[in-house]
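A short worksheet on the structure shown next.
The values are calculated or read from the model by the stated rules, or taken from the named source; none is laboratory data. Not measured: the values here are computed from a predicted model. Here the Cβ positions follow ideal geometry from the backbone for every residue, glycine too, while neighbour counts run over all protein chains shown. SASA here: full protein model, heavy atoms, side chains in, ligands and nucleic acids out. Shrake-Rupley method; radii C 1.70, N 1.55, O 1.52, S 1.80 Å.
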Amino acid sequence: GMPEPERTGWVAELERGRNFNALCGACIAMNCAFLVFAADREMDNYDVDDSGPSRAMQCIEYAFTAFYLCELLLRLYVHRFYFFFSADATWNLLDSFLVFLGLLEMTFTLFADGGGPSLNPGFMRMLRVFKVVKVLRVVRGIRFLSELRLIFKCLLGSLLSLTWSLVMILLIVYIFALLIVQVLSQELKLQKNTLPDEEMRRLADLYSSVGNAMMLLIQIATDGLSWATVFDDLSIIGGFLQWVLVAFVVFFNLAVWNIVTSMFVEKAIKLAKPDIDDMAMEQHIEDAQDADELTKIFAALDDDNSGTMSLDELQRLMTHPKFHDYLRVRGIRIEDAELFHKMLISVAGDAEEEVDISFVVAACLRMKGLATSMDLHALSYEAKLMNKKHRE
């Protein structure tokens, strides 16, 4: 999406706040429960001519629509033009579409209740479409839950793979169905004088076309029909078609389904990987937590509360169990406290014998993990610079 400038003000803080998002999520959850209640009520009263929603149910529906409208207007006020072109543009467009349909349905309902012209079948079908589209409000709740949002992202990202998988499955089913229908038609012609008429008609009805045979094989592949039943039905024809059916079942269960599953798993793993912004945010949060913990440890051993670290204090810090465990877990090794203290003084360029605690914390965080290529190049550059100064 387009980069959006930072929004400030109490309205922007409210829109970004956790309480506002929690309120929106709670409203969506209540709306979903209300939709279930309304659908159950309509089903229970399907045989009643005038079984529309009661006045109280209509008021509740209007209240939900009003809340969604206020939420949409608030977000539009904060984000303005970027509302439809930001990283969340897809969700924002869905919200706008659902709010528009809610307002349209409310308008038509009020028009009908107000004694408007008689409702023709087309108008009633439009109202039914509005009721069906309400189900999409459930999808809005996904944006407020990161795990569900990740799953939804994986599902959408796998649509292309799903399409080609369905094409391949239909192609394989078509080949086996065509083979079965061709062989079965020839066998029925050859054995029409020996086979019972009832069995011939039953097989002819089951495999009357390639489409019917494909549907039968799809039911077998998806466990909608036991292949043992079909295997027994084909026994009167001969063993060839039975072996064809067995080959189809084995090939589908051992090859096709496993390959399709592996494709979806691989696609989901790729889509589930965090992007650069998420990784940078996680690293920033981890560094901030580490810095806060180190600062607390240093401040506890700062006897004179000067906010600096002397050599004696640093040596005592090295024997502190919590600090030692912290360094060991994070891959930081400081073998010589005196050498480390001198190095900090040299880097800080301070003539005094004490180093600011914040500088020590930054140095410890810098030493996390292994040395990078940039660290080695910087060290080589500094060595060359020192050598040049020494010659001069």
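Could you say whether any residue in the range 77-88 is of a type in the set (Ser, Thr, Tyr) and exposed (fewer than 13 other Cβ atoms within 10 Å of the Cβ)?
No, because not a single residue in the range 77-88 is of a type in the set (Ser, Thr, Tyr) and exposed (fewer than 13 other Cβ atoms within 10 Å of the Cβ).
Out of 67, 85, report the one residue that is among the aromatic types (Phe, Trp, Tyr) and in contact with a Cys (Cβ under 7 Å, 6 or more places away or on another chain). Write out each step before concluding.
Values: 85 fails: in contact with a Cys (Cβ under 7 Å, 6 or more places away or on another chain).
Only one candidate passes the filter, namely 67.
Sort out which residues of the range 189-219 are aliphatic (A, V, I, L, M) and over 16 Å from residue 179 (Cα atoms), and write them in order of number.
Listed by number, the residues that qualify are 190, 195, 200.
Determine whether residue 4 is part of a helix (DSSP H, G or I) and of a type in the set (Asp, Glu).
No; evaluated as a whole, the condition is false for this residue.
Can residue 213 be described as at pLDDT 85 or above, in contact with a Phe, Trp or Tyr (Cβ under 8 Å, 6 or more places away or on another chain) and either part of a loop (DSSP other than H, G, I, E, B) or crowded, with 17+ Cβ neighbours inside 10 Å (or both)?
The answer is yes for residue 213.
So which of 105, 4, 61, 13 ends up being at pLDDT 80 or above, surrounded by 14 or more Cβ atoms within 10 Å (Cβ to Cβ) and at negative phi? First the steps, then the outcome.
Numbers: 105 fails: at pLDDT 80 or above; 4 fails: at pLDDT 80 or above; 13 fails: surrounded by 14 or more Cβ atoms within 10 Å (Cβ to Cβ).
Testing whether each residue is at pLDDT 80 or above, surrounded by 14 or more Cβ atoms within 10 Å (Cβ to Cβ) and at negative phi leaves just 61.
Suppose the filter is open to solvent by 40 Å² or more (accessible area, probe 1.4 Å) and either in contact with a Cys (Cβ under 9 Å, 6 or more places away or on another chain) or on the phi > 0 side of the Ramachandran plot (or both); does residue 111 pass it?
Numbers: open to solvent by 40 Å² or more (accessible area, probe 1.4 Å): yes; either in contact with a Cys (Cβ under 9 Å, 6 or more places away or on another chain) or on the phi > 0 side of the Ramachandran plot (or both): no.
In short, no.
Within the range 32-39, identify whether any single residue is open to solvent by less than 60 Å² (accessible area, probe 1.4 Å), touching a Cys at 6+ places or on another chain (Cβ under 7 Å) and under 28 Å from residue 148 (Cα atoms), and answer yes or no.
Within the range 32-39 (the criterion being open to solvent by less than 60 Å² (accessible area, probe 1.4 Å), touching a Cys at 6+ places or on another chain (Cβ under 7 Å) and under 28 Å from residue 148 (Cα atoms)), the answer is no, since none of the residues qualifies.
Does any residue in the range 70-87 that is in contact (Cβ under 8 Å) with a residue 12 or more places away in the chain come within less than 6 Å, Cβ to Cβ, of a residue that is small (Gly, Ala, Ser) and open to solvent by 50 Å² or more (accessible area, probe 1.4 Å) six or more places away or on a different chain, and which pairs are these?
85/1; 86/1; 87/1
Report yes if some residue within the range 263-284 is under 30 Å from the mean Cα position of the chain (by Cα), at pLDDT 85 or above, surrounded by fewer than 15 Cβ atoms within 10 Å (Cβ to Cβ) and within 27 Å of residue 152 (Cα to Cα); otherwise report no.
no
Out of the residues in the range 216-238 that are assigned to a helix (DSSP H, G or I) and not hydrophobic (A, V, I, L, M, F, W, C), state the one that is most open to solvent (accessible area, probe 1.4 Å).
Top of the filtered list is 232.
Which pairs turn up if I take residues in the range 11-40 that are within 29 Å of residue 55 (Cα to Cα) and look for partners that are outside any helix (DSSP H, G or I) with beta carbon separation below 7 Å, at least 6 apart in sequence or on another chain?
Listed pairs, sorted by first residue: 38/53.
Does residue 163 meet the test of being open to solvent by 40 Å² or more (accessible area, probe 1.4 Å) and either assigned to a helix (DSSP H, G or I) or of a type in the set (A, V, I, L, M) (or both)?
It is true that residue 163 is open to solvent by 40 Å² or more (accessible area, probe 1.4 Å) and either assigned to a helix (DSSP H, G or I) or of a type in the set (A, V, I, L, M) (or both).
Quick check, is residue 93 open to solvent by 30 Å² or more (accessible area, probe 1.4 Å) and more than 25 Å from residue 152 (Cα to Cα)?
When the stated conditions are applied, residue 93 does not pass them.
Mind listing just one residue for me: the one in the range 168-207 that is within 15 Å of residue 241 (Cβ to Cβ) and of a type in the set (Asp, Glu) and, of those, surrounded by the fewest Cβ atoms within 10 Å (Cβ to Cβ)?
199
Give the residue, chosen from 241, 254, 245, that is surrounded by 12 or more Cβ atoms within 10 Å (Cβ to Cβ), under 30 Å from residue 186 (Cβ atoms), modelled with pLDDT of 85 or more and out of contact with any Asp or Glu (no Cβ under 8 Å at 6 or more places or on another chain).
Values: 241 fails: out of contact with any Asp or Glu (no Cβ under 8 Å at 6 or more places or on another chain); 254 fails: surrounded by 12 or more Cβ atoms within 10 Å (Cβ to Cβ).
245 is the lone residue from the list that is surrounded by 12 or more Cβ atoms within 10 Å (Cβ to Cβ), under 30 Å from residue 186 (Cβ atoms), modelled with pLDDT of 85 or more and out of contact with any Asp or Glu (no Cβ under 8 Å at 6 or more places or on another chain).
Report yes if residue 20 is farther than 21 Å from residue 100 by Cβ, assigned to a helix (DSSP H, G or I) and open to solvent by less than 60 Å² (accessible area, probe 1.4 Å), otherwise no.
Working: farther than 21 Å from residue 100 by Cβ: yes; assigned to a helix (DSSP H, G or I): yes; open to solvent by less than 60 Å² (accessible area, probe 1.4 Å): yes.
In short, yes.
Quick one: which residue in 310, 306, 346 is modelled with pLDDT under 70, among the hydroxyl-bearing types (Ser, Thr, Tyr) and either farther than 30 Å from residue 151 by Cα or surrounded by 11 or more Cβ atoms within 10 Å (Cβ to Cβ) (or both)?
Being modelled with pLDDT under 70, among the hydroxyl-bearing types (Ser, Thr, Tyr) and either farther than 30 Å from residue 151 by Cα or surrounded by 11 or more Cβ atoms within 10 Å (Cβ to Cβ) (or both) holds for just one of 310, 306, 346, which is 346.
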